[in-house]
Amino acid sequence: MPDTGRGQQIQQFLSDTGWVSPPFSVTFLAAGEYNANYLVASNEGQSVLRINHGSQLGLGDDQIAYEYQVLTVLADSGVTPKPLACHPRPDPLGGGALLMEFLPGIPLDYRWDLEKAACIFARIHSVPVPDSLIVQADPVTAIATESFGLLHRFSDHPLKKEQDQILSYHDTVQTLAAETQTLFAAEPLCLVNTEVNSGNFIISPDRACLVDWEKAVVSCRYQDLGHFMVPTTTLWKTDILLTPAEKKTFLQTYHRCACPDMPFSELMEKSRVMEKTILLRALSWCFMAWYEYTQTDRPLQNPETFAKIKQYLADIPWILQSAA
């Protein structure tokens, strides 16, 4: 469990900033690959302190301020945690920090919550977006470029066979980008999460929400829709693969809630293109992260994540077959 011994340091930080009125307690809640989250409980209620340890968007020390801005934009959506305060500097916690609303609940269950997820996306994708966020207007090309960078981040990476397999698929996606560029050219842009595994959804009887907004960008809706359905996402925290019928149910609900005037066949086609593209990014990230886990002093280490990384890299042909 990462950073469990930091409670006293965090309590001092919260006292110094005045974000929480004493008395209060701090307990470790959860950690992703680039952030650690702590539950803060006081007489005023519960909140979450999120401490950043890296940026997938290349933002460096600006990462937590970027996420805070995204949450501020989404604050009225009703399906994301409300931001409460932000400390963008890395000192004294070793990374920027933000305080946000605590959302009680459990992770999304693909067997029962597909329609809830579709409704969450519909709400999020309808929020007006500012000009100050990162834009990916040509999502297939943008993801292919990002993936190429991940595959070449470490020149001494020992997994050459796996690199060659993913690079070969990168060529396929590059061709797909050229063939589909006009498909997305007139697509209205919206705010998308881009990291929508089941663990980033919080489901309760009263509310269903999407958390973890570190990698949000302004792009087309199909980034989220495609990402939600691919096996590298559904298998990340569960053992579930969505069937074609389940994918159709999910997209039909989204279509009804978000864009009923669009031909459903168009929604299906564009989501399928993004499914193929997202698989490239998922495998490329796993390839890069394998090196971080084995060859560097990565600040956050998650045994379950590393096991999944190794599983995906061992099953590249099977994963890519799902995109055929």
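Please treat every number below as a calculation from the coordinates, not as lab data. All values reported here derive from a predicted model rather than from experimental measurement. Counting neighbours? That spans all protein chains shown, and the Cβs are built from the backbone with ideal geometry, glycine included.
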Helix 114-125 vs. the chain, principal-axis angle (Cα, 0 to 90°, nearest 10)
80
Say a paramagnetic label sat at a point 7 Å from the Cα of Thr296, along Cα to Cβ; which residues of the stretch 33-65 have their backbone N under 15 Å from it?
33-35, 53-61
Under the 0.36 nm per residue contour assumption, what length would be gained going from the current alpha-carbon distance of Glu269 and Asp76 to full extension?
66.4 nm
Can you run the Rg to Rh ratio on the stretch 114-321? Use alpha carbon positions and the Kirkwood inverse-distance Rh.
0.95
What dipole magnitude, in Debye to the nearest 20, does the chain give about its Cα centre under +1 on Lys/Arg Cβ and -1 on Asp/Glu Cβ?
460
Hey, rough spin-label estimate for Ser155 and Val127, points 7 angstrom out along Cα→Cβ, what's it come to in nanometres?
4.1
Using the Cα centre of the stretch 175-302 as the reference point, and only Cβ charges (+1 on K/R, -1 on D/E), how large is the resulting charge dipole? Debye, rounded to the nearest 20.
160
Of the candidates Lys160, Lys237, Lys215, which one comes out as most mobile in a Gaussian network treatment of the chain with C-alpha springs shorter than 10 Å?
Lys160
Leu29's amide H: which non-local residues (gap 5+, or another chain) put their own amide H closer than 5 Å, with H modeled 1.01 Å from N in plane and none for Pro or chain starts?
Asn37, Tyr38, Leu39
For Ile134, placing the label point 7 angstrom along Cα-to-beta-carbon and taking the stretch 179-198, residues whose amide nitrogen sits under 14 Å are 192-195
Answer rounded, prolate or oblate for the stretch 4-101, using the Cα gyration tensor with square roots of eigenvalues a ≥ b ≥ c: rounded when a/c is under 1.5, else prolate when a/b is larger than b/c, else oblate.
oblate
Heads up, the stretch 178-289 by the C-alpha gyration tensor (a ≥ b ≥ c square roots of eigenvalues; a/c under 1.5 rounded, else a/b over b/c prolate, else oblate) looks rounded
Give the separation of the Cα centroids, the stretch 118-145 to the stretch 79-94, in Å.
22
